[in-house]
Amino acid sequence: MASLCLISILTSRFLSVRKLRLIACLRPQWQRQDTFTAWCNSHLRKAGTQIENIDEDFRDGLKLMLLLEVISGERLPKPERGKMRVHKINNVNKALDFIASKGVKLVSIGAEEIVDGNAKMTLGMIWTIILRFAIQDISVEETSAKEGLLLWCQRKTAPYKNVNVQNFHISWKDGLAFNALIHRHRPELIEYDKLRKDDPVTNLNNAFEVAEKYLDIPKMLDAEDIVGTLRPDEKAIMTYVSCFYHAFSGAQKAETAANRICKVLAVNQENEHLMEDYEKLASDLLEWIRRTIPWLEDRVPQKTIQEMQQKLEDFRDYRRVHKPPKVQEKCQLEINFNTLQTKLRLSNRPAFMPSEGKMVSDINNGWQHLEQAEKGYEEWLLNEIRRLERLDHLAEKFRQKASIHEAWTDGKEAMLKHRDYETATLSDIKALIRKHEAFESDLAAHQDRVEQIAAIAQELNELDYYDSHNVNTRCQKICDQWDALGSLTHSRREALEKTEKQLEAIDQLHLEYAKRAAPFNNWMESAMEDLQDMFIVHTIEEIEGLISAHDQFKSTLPDADREREAILAIHKEAQRIAESNHIKLSGSNPYTTVTPQIINSKWEKVQQLVPKRDHALLEEQSKQQSNEHLRRQFASQANVVGPWIQTKMEEIGRISIEMNGTLEDQLSHLKQYERSIVDYKPNLDLLEQQHQLIQEALIFDNKHTNYTMEHIRVGWEQLLTTIARTINEVENQILTRDAKGISQEQMQEFRASFNHFDKDHGGALGPEEFKACLISLGYDVENDRQGEAEFNRIMSLVDPNHSGLVTFQAFIDFMSRETTDTDTADQVIASFKVLAGDKNFITAEELRRELPPDQAEYCIARMAPYQGPDAVPGALDYKSFSTALYGESDL
């Protein structure tokens, strides 16, 4: 009995397990039938009807044809209203024929099975309809139908935690994926953070209820069935999810349109910002040039060396402090202009035309005028300093010689006018005659000094000395006095000779003394004058010449000393004879005022001046040796820096032509090259310091080098500008390549073609070279009428200014336009039309709703009011705005 009970219990349990398994197997089919029924009713509701049993209500074919008309928007053939089986089969066949006309292959599905209520065939037919009209048109990134719908779900749910959509069955069991789809598009409907992964029934019911209430998506699935099924029905899930896709597809289109407009507006705003920056930088640079040129063109000379040296120091400050930043600004301005034009071309915008007078060519012309004025100004300063230095030297020499002459002539007129011969004895008369002869000798000796004074005054006049009036006045006074002395001398001689017969000869010794003492005295005065004479030299050779002349003078001193001793011996002999003969002399020698004491005093003065002259010459020799050292030091550095700059310029030219490797490799190589050039700047600074020492030492020439500081500066500025332009060209090529989608191989092919026909490696092609290049690339530009017309059209694109040259950048722009596509005005108009809901105008409210705030306000501020017949208050014309963005009309 116990055994029978145990068998009964085991049998009942086995039957229960089989029943549960059977129910689990049937659940996907139930889910699919319920989902398909709900899907059909969501469309039939629009026609005012619905179905309850999918395999029964479609048997007569009437609701099936109605469903196809609703979902396709097309009219089917008129159905047959009869109740007979043949009428029903005909209606179903019309529906099946319509499905087949849409490119759908119906395998093993016939009208008889549908009319007979075959549930499997009916569900298969409905799934075919769903695939064709609800899922097949879904397209996401070149994938369609099931793959496209799955990719769309993955993209939309990617940011959400605990959601990983990999299929259309178990990925949806916990309900989080449905909630994530709704929250992604309508975040106000779902509080996603409050959902729990371990409560799938609540999650599913929440998504289904929200979709039905707010999104007009009917409830097609049952939460308990999905949770209770090991693998939910894939087709049921796909059908339900496709409803979400279609519900949100409108928002997707608006988002795409808004993104396109935002992209276009962002490019336009960036370009306008670059234009404003260019205008401001160009205005500032031109204003600086306008203020600086009049200062450099000012050629009003100053009266003193100190004032001119201050002008030179101001000019050095301009060169060291004020000009270098402006050189950088000019280079940056050209780079900004080229970058802006490249961006405008890449975004299919019209080229930027700066304000009148602010073109790059205008700035280059102004800069050239500035450099011409600068070069002339420096030459004028140096020449003016030399002139003033020469004038100061001549003026001092004039004053010194004039003072000596005036000291000599002091009292001479009174002496010549004295009538002492009227009461003199014979011996006194003879003495007066001899004295007068000595005076005439002295007067003749001073003739040379007077001529020198006049010559110096004339030279000062020719050099436009600022105090020429006083110099001329003093010179004229000396000349007038000299003429008067000549006249008086002649008159006195006649008076003395008249009474000469009555006088006796004067002592020959005194006479001989007077005759020899006067020239010797004059020689000593000339020697003292020469020893105190100022000198100015600029080279070692000049100072060595002065030293040699001084050494020759010193070699004559022993002879002069013997002459001095001989003259003093004559005086002593006269004294000895007078004393031996008891002759009473009347004091000093009557024939001359040059006493032995004067001779000795002046000789002693000459002896003192000789070592002073030695010291002055040695100091000047040391100075010139120091200057020579500065010359050699500067020349040594300049002869290294100058060739280095020339070599780098040649290397940059070679790099810009060869351009090996990828553009990024070329850019990296050029920037490393630029850093090596910048690292060489301390050598230039050292050269500037050495040049400043030369300027301060007033060294005006250097035979040891052909390089001047001006050459070095210009070469350095050209080197920096050339490397910066080459880097900018490569950056623009990268920008063109990335924006236009040009491959590295295409860029290398373009470069190889360009370099092949650039025979002179000048970086530009002439018309014939460019035509040969186009022919090699496959363009039909042969020398017939059609080919010439096509070539002229292409030349107008690559050489709009008709310069006769095609640069590599223009060549790249042309090839990128020929091989790639860009946004157009029509595309932007179509995007605005989506945002406007197919209207011919758009409102400010719609712009603020669809676009970011700054770009929405940008559009509102620039869109003109819409003037069409369907205009409403506040309507804006987005069509004219879009064409203006691409230069097809005025913004």
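The values are calculated or read from the model by the stated rules, or taken from the named source; none is laboratory data. Not measured: the values here are computed from a predicted model. Positions of Cβ are generated from backbone atoms using ideal geometry, with glycine treated the same way; all protein chains shown enter the neighbour counts. Note: areas computed on protein heavy atoms with side chains; ligands, DNA, RNA excluded. Shrake-Rupley method; radii C 1.70, N 1.55, O 1.52, S 1.80 Å.
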Candidate set from the range 352-401 (those that are free of Cβ contacts under 8 Å to residues at least 12 places away in the same chain and not in a helix (DSSP H, G or I)); member that is farthest from Thr473 (Cα to Cα): Met353
Whichever residue in the range 177-198 is closer than 20 Å to Ile226 by Cα and not in a helix (DSSP H, G or I) and, among such residues, is most open to solvent (accessible area, probe 1.4 Å): Arg196
Enumeration of residues in the range 444-463 that are open to solvent by 20 Å² or more (accessible area, probe 1.4 Å), touching a residue at least 40 places away in the same chain (Cβ under 8 Å) and either outside any helix (DSSP H, G or I) or over 30 Å from Arg386 (Cα atoms) (or both): Ala445, Leu463
Residue list for the range 335-351, restricted to those being assigned to a helix (DSSP H, G or I) and open to solvent by 20 Å² or more (accessible area, probe 1.4 Å): Ile335, Asn336, Phe337, Asn338, Thr339, Gln341, Lys343, Arg345, Leu346
Subset of the range 142-176 that is basic (Lys, Arg) and in a loop (DSSP other than H, G, I, E, B) - its residue that is most open to solvent (accessible area, probe 1.4 Å): Lys161
Yes/no for Leu698 being among the aliphatic types (A, V, I, L, M), outside the structural domain of Gln328 (by the TED database) and surrounded by fewer than 18 Cβ atoms within 10 Å (Cβ to Cβ): yes
Within the range 294-321, the count of residues that are at pLDDT below 80 and in a helix (DSSP H, G or I) comes to 18
Would you say Ala830 is within 30 Å of Pro865 (Cβ to Cβ) and open to solvent by less than 30 Å² (accessible area, probe 1.4 Å)? no
At pLDDT below 80, assigned by the TED database to the domain that holds Thr726 and in contact with a strand residue (DSSP E or B) (Cβ under 8 Å, 6 or more places away or on another chain) - does that describe any residue in the range 775-795? no
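Hey, could you check the range 48-91 for residues that are within 20 Å of Gly103 (Cα to Cα) and among the small types (Gly, Ala, Ser) and say which is surrounded by the most Cβ atoms within 10 Å (Cβ to Cβ)?
Here the answer is Ser72.
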If you go through the range 855-889 one residue at a time, how many are open to solvent by 20 Å² or more (accessible area, probe 1.4 Å), in contact (Cβ under 8 Å) with a residue 60 or more places away in the chain and in a helix (DSSP H, G or I)? 0
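From the residues in the range 599-632 that are among the aliphatic types (A, V, I, L, M) and open to solvent by less than 80 Å² (accessible area, probe 1.4 Å), which one is nearest to the chain's Cα centre (by Cα)?
Leu630
Scan the range 199-249 for residues that are of a type in the set (Asp, Glu) and crowded, with 16+ Cβ neighbours inside 10 Å and jot them down.
Asp222, Asp225, Asp233, Glu234
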Only one of Ser626, Ser622, Ser668, Ser676 is free of Cβ contacts under 8 Å to residues at least 24 places away in the same chain and either acidic (Asp, Glu) or not assigned by the TED database to the domain that holds Gly763 (or both); which? Ser622
